[in-house]
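Single-structure report; data block below.
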Amino acid sequence: MINGVTTDFRTIPKSHAAALAAGLLSLALLTGCSGGTGDPGTTTSPAASETATAPASESASETFTYEGEDGKTVLELLLENDPEAEVSGEGEMAFVTGIDGRAVDADANEFWALYVDGEFAQEGAGTLETEDGQEIEWKLDTFE
């Protein structure tokens, strides 16, 4: 059980397991270090609490796409294309929690899934180097 949610990892596709594990670790770390009132996902940061409680705007998207560039990581390019993207951690422990004004809803088991040329990424955004012409796509997804 994670944050009150019963999770059976046997039902999650292996290709999503690495991203899910990193996301759950980040979520647990953020929840434990939030300094909030003890309610999971509650923080003392006004910007974070506004993001967590505000409904998604109609302009916020559930997909975000851009092209790869030789020698740049997925995360570098994400931040160039969306300077307001929300990220916790860095390098191999970087976990994207908000893109294009759309923050994940931890209570709804959401996460931003990374795809390169239509395939689920097997490496994290902070370490995965892109190549010219690759299609980088983020999709808002859920886990059970």
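The values are calculated or read from the model by the stated rules, or taken from the named source; none is laboratory data. Since this is a predicted model, take the numbers as computed values, not measurements. Cβ sites come from the backbone with ideal geometry, for glycine too, and all protein chains shown count toward neighbours.
Under 9 Å by Cβ, and 6 or more places apart or on different chains, what pairs join a residue from the range 115-129 that is more than 18 Å from Thr65 (Cβ to Cβ) and loosely packed, with under 15 Cβ neighbours inside 10 Å with one that is at pLDDT below 95 and polar (S, T, N, Q)?
So the pair list comes out as Gln122/Ser15.
Residues being of a type in the set (S, T, N, Q) and either over 21 Å from Glu76 (Cβ atoms) or assigned to a strand (DSSP E or B) (or both): count how many of those fall in the range 98-144.
Selection size over the range 98-144: 2.
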